[in-house]
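This report refers to the structure that appears directly beneath it.
What follows is calculated from the coordinates using simple rules that are stated; it is not laboratory data. Predicted model, so just to flag it, every value in this text is computed and none were measured. Every residue, glycine among them, receives a Cβ derived from its backbone with ideal geometry; neighbour counts consider all protein chains shown.
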Amino acid sequence: MRALVYDPAVPQGIRLADVPEPEPRQNEALVRVGAVSLNFGELAFKDRRRPGDVLGNDAAGVVVRAAADGSGPAEGSRVATFGGVGGWAELRAADTANLAVVPEGVDLGAAAALPAAGVTAAQAVRRLGTVTGRRVLITGASGGVGRFAVQLAARAGAHVIASVGGPARGAGLTGLGAAEVVVGLGGLTGTVYGVLDNVGGSLLAEAFHRVEDGGVALSIGMASLEPTVIDWEAERVQGRRKRIEPFAVAAPFAGDLAGLLDLLARGALDPQVGWRGPWERAQEAAKALFSREVLGKAILDLPRT
């Protein structure tokens, strides 16, 4: 079968190659993939993989062989899947605990946008606790996780402040539920209860400095590719009791993924697909994502068989 693999010798580090078909475990369904999505993090840190590894967290398609243990959907079901690797391929062996049925009428490309970015945003917003009426700052709000987080935090009742890298990157965020859109932290006044940070580096340190007493900052991603240094003495001088946490999604993902797909089917969630094309253009899509040319998600469509 064909798949997108890690190759450090080619542009963007990914290329199409012939690889063996996966052999599903008892709890895995075999899925014929129709669409996949790219995530900044998995591309930025792909060198943690071995050359030749099939990459990809997100894939949506049709079950061609149900799980042998009887779990999960039947053959012929359309599903969205979430896993650490192996998604960018014609066939994926998907753990049934980490997939969900795609409702009728929902496009597979839109469904493929949800797993990593959507589930991350959903779990992060939930980790903040009650946000109704509270100010929540989302950095990197123009990216995949950020645009889902803006929508989900607003649905939860938060006063959402969306931080972006430049004026053009803020396009459409007020329509998604942001009450304020700021460039960096310029124009941000007062304190915030919660921070969902997708950027890292100095921006996370500055955002944490703005957290009010009893608030929390979650470090979700590191789009800046820079470490964060916090002046703890300056924080002590403030006298606020607050916390900062590294955030990572926690499996199983099926429940969150099903909830997001339901919102999508009801028109209550926008997948924010900012780039879409055939998977033969994967290197182009990856370059656009890294060049900050994509607002939201980049989707690759696989050839129909």
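Annotations for the structure displayed:
- Note on Arg281 and Glu233: the extension gain reaches 12.4 nm, defined as 0.36 nm multiplied by sequence separation minus the Cα-Cα distance.
- Which of Asp301, Asp213 has the fewest Cβ neighbours within 10 Å, and the rest in rising order: Asp213, Asp301
- Within region 127-246: Cβ-based charge dipole about Cα centre, in debye rounded to nearest 20 (Lys, Arg +1; Asp, Glu -1): 400 debye
- In units of the rule-of-thumb radius 2.2 N^0.38 Å, region 127-246 shows an alpha carbon radius of gyration of 0.96.
- Given charges at beta-carbon only (K, R positive; D, E negative), |dipole| of the chain in Debye: 460 debye
- Loop sites here are GluC sites (Glu not before Pro) outside DSSP states H, G, I, E and B with no more than 15 other Cβ atoms within 10 Å. The longest part of the chain free of them is 105-292.
- Arg50 paired with Ala265, simple spin-label distance in nm, labels 7 Å along Cα-to-beta-carbon: 4.0 nm
- Two-decimal ratio, the chain, of alpha-carbon radius of gyration to 2.2 N^0.38 Å: 1.00
- On a per residue basis, the convex hull of the C-alpha atoms belonging to region 217-290 measures out at 185 Å³.
- Between 0 and 90 degrees, the angle of helix 254-265 with respect to the longest Cα principal axis of the chain falls at about 90 degrees.
- Measuring between their Cα centroids, region 126-186 and region 32-81 lie 28 Å from each other.
- Around the amide H of Gly215, modelled in the peptide plane, lie the amide H atoms of Arg243, all under 5 Å away and 5 or more residues distant in sequence or on another chain.
- Local charge for Ala288 was computed over the other residues whose Cβ lies under 15 Å away, with Lys and Arg +1 and Asp and Glu -1, and equals +3.
- Projected label points at Asp69 and Leu225, each 7 Å from Cα along the beta carbon direction, are separated by 3.9 nanometres.
- Per-residue 3J(HN,Hα) values for region 176-183, derived from phi via the Karplus relation 6.51 cos²θ - 1.76 cosθ + 1.60 with θ = phi - 60°, read 8, x, 5, 7, 9, 10, 10, 8 Hz in sequence order (x marks Gly and Pro).
- Restricting the trypsin sites (Lys or Arg not before Pro) of region 228-305 to loop positions (DSSP other than H, G, I, E, B) with no more than 12 neighbouring Cβ atoms within 10 Å leaves Arg241, Arg266, Arg304.
- Equivalent ellipsoid semi-axes, region 168-218, via Cα gyration tensor eigenvalues times 5, rooted, Å: 20, 13, 10
- Helix-derived mean residue ellipticity, 222 nm - over the chain, DSSP H n ≥ 4, -39500 (n - 2.57), to 500: -7000 deg cm²/dmol
- Once the Cα atoms are used to define both axes, helix 144-155 deviates from the longest principal axis of the chain by about 60 degrees.
- Computed FRET value (nearest 0.05) for Arg240 with Thr174, which takes r as the C-beta separation and R₀ as 22 Å: 0.15
- Unit charges at the beta carbon, dipole of the chain: most positive-side option, Ile299, Gln26, Pro271: Pro271
- Global form of region 20-110, assessed from the alpha-carbon gyration tensor, a/c cut-off 1.5: oblate
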